[in-house]
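The values are calculated or read from the model by the stated rules, or taken from the named source; none is laboratory data. These figures come from a predicted structure and were not determined experimentally. Using ideal geometry, Cβ is built from the backbone for each residue, glycine included, and neighbour counts are taken over all protein chains shown. Just so you know, the surface numbers come from the protein's heavy atoms only, side chains and all, with ligands and any DNA or RNA stripped out. Shrake-Rupley method; radii C 1.70, N 1.55, O 1.52, S 1.80 Å.
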Amino acid sequence: MSADNNDHLVQSDDPSHPANLIPSLCAKFWTLGWVTGTGGGASIREEYAQTPDHDYIDLVYIAPSGVQKELMKPADIYVLSLAAQAQSLDRRQRVYLRSPPRYKPSQCTPLFLAAFTKRRAGCCIHTHSHWAVLVTLILETQGPGKDREFRINNIEQIKGFGRGSEKSGNLGYHDTLVIPVIENTAHEEDLTEFLEEAMDKYPDTYAVLVRRHGVYVWGDDVHKAKTQCESLDYLFQLAVEMKQLNLPWITDVEPVVPRRS
C-alpha cells in the first residue's frame, strides 16, 4: 500500500529531520566509497512525529533503490509505518505512508526493519565498503568453522562500540570485538532471515558482515550508528593492513597499571 499525498512527511527545514539527514549522510558515505554505484543506503526510525493534521508513531524513513546516493533529495525518501508493517500478514508486503514519484523501494528494507524491530535501533546503515568485503574474503581463506566471525582486540578504536543491546557503556581497549559473518544471497532481501539469525546468536552485536557484499550497522540513534559504522570501517582497514604485515588480530597484551604517587 502506498500513498503519494503524504509529501509533508519529507518536508522540513530542520537539517536533523530524517528526510534531510538521510541524503546528507549518504552524500558523506559516497565520498568514503561506501555507497558507490547506487549501492548501500540508510534508514532512520522516528518514534514520534507530529504534523498539523496527524500524530505518527514509529515512522521509518528509507533511502530508495537506484538513486545515486550523492545526489539524493528528501523528495526521494520512502516513509513506512513500523506499526502497520508489524500487523501485515505478509512480511514482503510493505505498508508505505509515502512513496516518491520515481525510484523503487530498497531491497534493504526488510533488513533495516530487522534492526528496528529486534534491536529497537534508531538508525541502520548499509555500506559496500571494500574494506568490509576484503575482511570477509580474508576470513574465507581460514576455512570452514573459522570464517564466521571477525574478531579483533587491543585496539583503541574498539571503544567506539557499545557493550550490547540494553547494556550501558562501551567496550574497552582490551575487550574483543566480535562481528558475525553471513553468506551473501542473489537477492538482498533474502538475507533477512540470516541477518535475524545472526542477531539472535550474537545479542550484543551492532553489526553483521555479509560475505563478498558489505556490512549492516545499527545504533540507538543516528549519532551512535554513524560512530560505530566509522569505527568499524577503520578497524576493517586496519585488519586488512595488519594481515598484509602478518600481524594477528587477536593478541595478549598485558594491561598497563597507572603509577600511584
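Largest first and to the nearest Å, give the Cα extent of the range 110-261 along each principal axis.
59, 35, 23
When the accessible area of the chain is split by element with a 1.4 Å probe, what percent falls to carbon and sulfur?
Taking all protein chains in place, the chain shows 51 percent carbon and sulfur surface.
Tell me the mean residue ellipticity at 222 nm calculated for the chain from its helices only (DSSP H runs of n ≥ 4, each -39500 (n - 2.57), averaged over every residue, nearest 500).
That calculation yields -9000 deg cm²/dmol at 222 nm.
Considering the convex hull of the alpha carbon atoms of the range 197-261, report its projected area averaged over all viewing directions, in nm², one decimal.
So the Cα hull casts an average projection of 7.8 nm².
Among the lysines, which have Cα under 18 Å from the Cα of LYS118 when same-chain residues fewer than 8 positions away are ignored?
Cross-link targets: LYS167, LYS201, LYS224.
Go through 246-255, 229-238 and give me the packing order, highest mean Cβ count within 10 Å leading.
Top to bottom by mean Cβ count within 10 Å: 229-238, 246-255.
Quickly rank 32-43, 184-195 as a protection proxy: mean count of other C-beta atoms within 10 Å, highest first.
My ranking of the peptides, most packed first, is 32-43, 184-195.
So what's the gap between the Cα centers of the range 13-39 and the range 65-135, to the nearest angstrom?
13
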